[in-house]
């Protein structure tokens, strides 16, 4: 899935050409702010490479769901999705398997 051009243009403008990641554990405190080049979108080998991330994982049509992440933060994001995307499992016990005779 992808965002519309209107959403991505607004997200890029909002970012100011810098990574918007604020997630802990990505090697930065607060906002990442890695400088990015608009022409380096999707270029993983570039230190100015970046991509759009769907915060919800649903690629909503709102610009608030679309964040600009540097390649390093985008890679870390895909390895550890936001808590609201992970299934919540409470009080679940493993299934009991019958013993073999």
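The values are calculated or read from the model by the stated rules, or taken from the named source; none is laboratory data. Predicted, not measured: the structure shown is a model, and the values here were computed from it. Every residue, glycine among them, receives a Cβ derived from its backbone with ideal geometry; neighbour counts consider all protein chains shown.
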> Which ones in the stretch 14-62 are assigned to a helix (DSSP H, G or I), in contact (Cβ under 8 Å) with a residue 40 or more places away in the chain and surrounded by fewer than 18 Cβ atoms within 10 Å (Cβ to Cβ)?
Replying inline: 14
> Which condition breaks for residue 7 when tested against (1) on the phi < 0 side of the Ramachandran plot; (2) in contact (Cβ under 8 Å) with a residue 12 or more places away in the chain; (3) touching a helix residue (DSSP H, G or I) at 6+ places or on another chain (Cβ under 9 Å); (4) not in a helix (DSSP H, G or I)?
Replying inline: (4)
> Would you pick out the residues in the stretch 15-29 that are under 16 Å from the mean Cα position of the chain (by Cα) and at pLDDT 90 or above?
Replying inline: 15, 18, 19, 20, 21, 22
